[in-house]
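Colleague: Can you read through this structure? Questions will come right after.
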Amino acid sequence: MENKKHILIFGNQELEFDSLPLRVLPELKRLFPKIRFEIKDPNEEFEIPEELTIIDTVRGIEEVKIFSDLKNFTNHPHISLHDFDLWSQLKFLQKLGKLKKIKIIGVPADIPEKEALEKISAIINSTLL
């Protein structure tokens, strides 16, 4: 098995407010060829590495931000993962003891793609490489 960093990308290309992580993905792949980026649906099962890293749209934030605890999220209008199904699944995996460490790179829905790419790249450079 290759020892490549792995980042899961969540989003919906059909919904403008939930597609920013997907729109910057081609450039992230170009900038970080040693990282394996994988698009996932929150309702499908996926392998849980020792440290799970996710990029997803997050409501209630104004800039790209990294989270390392699911307690930062609620299903209320404060700070929430856009997709309640993903939050529920992650909480369940955590409760089962399958989710040890998590990093969520939260992206607000309404910032320019260039800004999102720059901020996501800076986080990847400072925390994953």
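Each reported figure results from applying straightforward, stated rules to the coordinates on display, with no laboratory input. The model shown is predicted, which means the values in this text are computed figures rather than measured ones.
Colleague: List every residue whose amide H lies under 5 Å from the amide H of Ile54, counting only residues 5 or more places away in sequence or on a different chain, with H placed 1.01 Å from N in the peptide plane.
Modeller: Leu8, Lys103, Ile104, Ile105
Colleague: By how many nm would the segment from Leu70 to Glu118 lengthen if fully extended, with 0.36 nm per residue of separation less the alpha-carbon distance?
Modeller: Gain on extension, Leu70 to Glu118, equals 14.8 nm.
Colleague: May I pose another question? At a Cα cut-off below 12 Å, give the aspartates and glutamates reachable from Lys5, other chains included and same-chain residues fewer than 8 away excluded.
Modeller: Excluding near neighbours in sequence, the set is Glu38, Glu50, Glu51.
Colleague: Another question, if that's okay. Run a plain Debye calculation on the chain (Cα atoms as equal point scatterers, no solvent) and give log10 I(q)/I(0) at q = 0.13, 0.16, 0.22 Å⁻¹, rounded to two decimals, same order as the q list.
Modeller: Debye curve over Cα of the chain, log10 I(q)/I(0) at q = 0.13, 0.16, 0.22 Å⁻¹: -0.48, -0.75, -1.52.
Colleague: Pick from Glu44, Glu63, Glu118: which is most flexible by mean-square fluctuation in a GNM of the chain where alpha carbon atoms under 10 Å apart are linked?
Modeller: Maximum fluctuation in the GNM of the chain, among the listed residues, is at Glu44.
Colleague: Please give every one of the lysines within straight-line cross-link reach of Lys91, meaning a C-alpha to C-alpha distance under 21 Å, and leave out same-chain neighbours fewer than 8 residues apart.
Modeller: Those lysines meeting the cut-off are Lys40, Lys65, Lys71, Lys100, Lys101, Lys103.
Colleague: Check Arg36: other-chain or 5+ apart residues with amide H under 5 Å from its amide H, H built from backbone geometry?
Modeller: Lys5, His6, Ile7
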